[in-house]
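Have a look at the structure below before the remarks.
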Amino acid sequence: MFKNFKLVDKVVYGRGCFSQLDEILSHQRTTNSQGMIFLIDHVFENNVKFLTRIPLKDNDRIIFADVTDEPTTFYVDALVKGIKEYSDQLPDGIIGIGGGSTMDLAKAISLMLTNEGSAADYQGWDLIKKPAIYHVGIPTISGTGAEVSRTTVLSGPVKKLGINSDFTVFNQMILDPELIAEVPNQQRFYTAMDCYIHNVESLTGTYLNEFSRSFGEKSLELCREVFLKEGDKSEKDDKLMMASLFGGLSIAYSQVGVCHALSYGISYVLKLHHGLSNCIVFNQLDEYYHDYVVEFRKIMDYNHITLPTGLTNGLSEDDFEKMTDISLVLEPLWENALGKNWKEKISREKIKNLFKKM
Ligand code: NAD
Ligand code: ZN
């Protein structure tokens, strides 16, 4: 069976296009609802200049997303409960404005407002039964590809796994490179390297096909222009935003690999953010992605980035077991990276030894 990939319904791109949000939402507004909910990354909480640009109407409201930790099923459940208690009517839409964490929360809320139970019940592939309410993704930091993917990555009571479904995909994305201008350098780097690694894992994987190659190669080229060449910062932001989108499109029709599998494990136990944990893992994967790991170190040097080390020192054997369990659940990632007989090529011992170097 060929993948019948669901794309975002509508996309607007360009410097300043965020101003079009009001007009875009006007087509979705109804009279019997609790209005629009703008789920905004808490980094903007005191940013009056930005908040005055949110096109709030009568019943609309802003909820600030606490992204200190990455999204959990518990947090999604709590936000959904609050929205349901606020009014008997559903909102007209959820507008997620922020990084991968906020966009994923917006996706998950929009799904869980129409599907019963806990978000944890739907971690997996195609478990969602009913369409979500209208939801919009507006990135304010680029790299994850969450703006275009069919998943919302959540840590739950027992696993870190996305809610993967066609209903998860945004109805609209708004790509305005002006919104990523103020991201601090280090965070910008870690999130962007998520994109770089998406491309590497897609381009070197056994699931590769021309669809994924076309997007992945272009995205990698853009990453190099942003992080290995001098140039105008605004132009680099334009490029980075497209690199993120193309990286997301590349893995959508292939898969990620060893780095993401291990990264899910280590970030679950150490509560590291995805971009940073990917970088920490990737730096140890010479055996799998040698030339790219060499290039990645060059990119780090060029951008004056030093990774933390010794993070797994002092962890218990149970912690290493847990990290290994979480990594191994992600079978498609291993299969993409190592082929159909991947189980013969990787052992729990080998995984644990890699974790011990981080
Ligand atoms: P993030 O959303 O976790 O945000 C990182 C930090 O950047 C936060 O402190 C945030 O407040 C800050 N920030 C965001 N925008 C800013 C701005 N304009 N100016 C200043 N600070 C800003 O970071 P991320 O790397 O974009 O997302 C990581 C999350 O995305 C993880 O939860 C990961 O699991 C998820 N993810 C999802 C997918 C997907 O396909 N759904 C893919 C990859 C990663
Ligand atoms: Zn990623």
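The values are calculated or read from the model by the stated rules, or taken from the named source; none is laboratory data. On a predicted model such as this, the values are computed, not experimentally measured, just so you know. Reconstructed Cβ throughout: ideal geometry from the backbone, glycine too, with neighbour counts over all protein chains shown.
Observations
- Region 320-341, residues that are farther than 20 Å from Ser155 by Cβ and surrounded by fewer than 18 Cβ atoms within 10 Å (Cβ to Cβ): Gly339, Lys340, Asn341
- Test: Ser244 is part of a loop (DSSP other than H, G, I, E, B) and either touching a helix residue (DSSP H, G or I) at 6+ places or on another chain (Cβ under 7 Å) or closer than 23 Å to Ile326 by Cα (or both): no
- Qualifying residue in region 40-55 (condition: in contact (Cβ under 8 Å) with a residue 60 or more places away in the chain and over 24 Å from the mean Cα position of the chain (by Cα)): no
- Boolean, Ser165 is hydroxyl-bearing (Ser, Thr, Tyr), away from ligand 2 (no atom under 15 Å from the Cβ) and without any contact (Cβ under 8 Å) to a residue 60 or more places away in the chain: yes
- Filter result (within 16 Å of ligand 2 (Cβ to nearest atom), out of contact with any Gly (no Cβ under 9 Å at 6 or more places or on another chain) and either under 24 Å from Val67 (Cβ atoms) or free of Cβ contacts under 8 Å to residues at least 24 places away in the same chain (or both)) within region 242-272: Cys259, His260, Ala261, Leu262, Ser263, Tyr264, Gly265, Ile266, Ser267, Tyr268, Leu272
- Residue match in region 217-237 (condition: modelled with pLDDT of 95 or more and either under 25 Å from Asp325 (Cα atoms) or within 13 Å of ligand 1 (Cβ to nearest atom) (or both)): yes
- Here is the figure for region 281-294: residues that are surrounded by fewer than 24 Cβ atoms within 10 Å (Cβ to Cβ), assigned to a helix (DSSP H, G or I) and either within 14 Å of ligand 1 (Cβ to nearest atom) or not aliphatic (A, V, I, L, M) (or both) total 7.
- Single residue of region 54-80 satisfying the filter (in a helix (DSSP H, G or I) and over 15 Å from Asp121 (Cβ atoms)) that is farthest from ligand 1 (Cβ to nearest atom): Ala78
- Cβ-Cβ distances below 8 Å connect no pair with a first residue in region 145-161 that is within 11 Å of Glu70 (Cβ to Cβ), a second residue that is of a type in the set (Asp, Glu) and more than 8 Å from ligand 1 (Cβ to nearest atom), and a separation of six or more residues or different chains.
Let's see how each residue does on (1) modelled with pLDDT of 95 or more; (2) of a type in the set (Ser, Thr, Tyr); (3) surrounded by 14 or more Cβ atoms within 10 Å (Cβ to Cβ):
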| residue | (1), (2), (3) |
| --- | --- |
| Asp9 | yes, no, no |
| Thr31 | no, yes, no |
| Thr52 | yes, yes, no |
| Asp58 | no, no, no |
| Ile83 | yes, no, yes |
| Ile94 | yes, no, yes |
| Ala108 | yes, no, yes |
| Leu113 | yes, no, yes |
| Ala120 | yes, no, yes |
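- Answer residue from region 189-228, given it is surrounded by fewer than 23 Cβ atoms within 10 Å (Cβ to Cβ) and charged (D, E, K, R) and is farthest from Pro139 (Cα to Cα) among those: Glu210
- Verdict on Ile109 being of a type in the set (A, V, I, L, M), within 20 Å of the chain's Cα centre (by Cα), outside any strand (DSSP E or B) and within 16 Å of ligand 1 (Cβ to nearest atom): yes
- Number of the condition not met by Leu90 [criteria: (1) of a type outside the set (Phe, Trp, Tyr); (2) surrounded by fewer than 22 Cβ atoms within 10 Å (Cβ to Cβ); (3) within 25 Å of Asn4 (Cα to Cα)]: (3)
- Elements of type strands (runs of 3 or more DSSP E) in region 115-213, at least 1 residues being more than 14 Å from ligand 1 (Cβ to nearest atom) and within 29 Å of Ser33 (Cα to Cα): 135-139, 172-175
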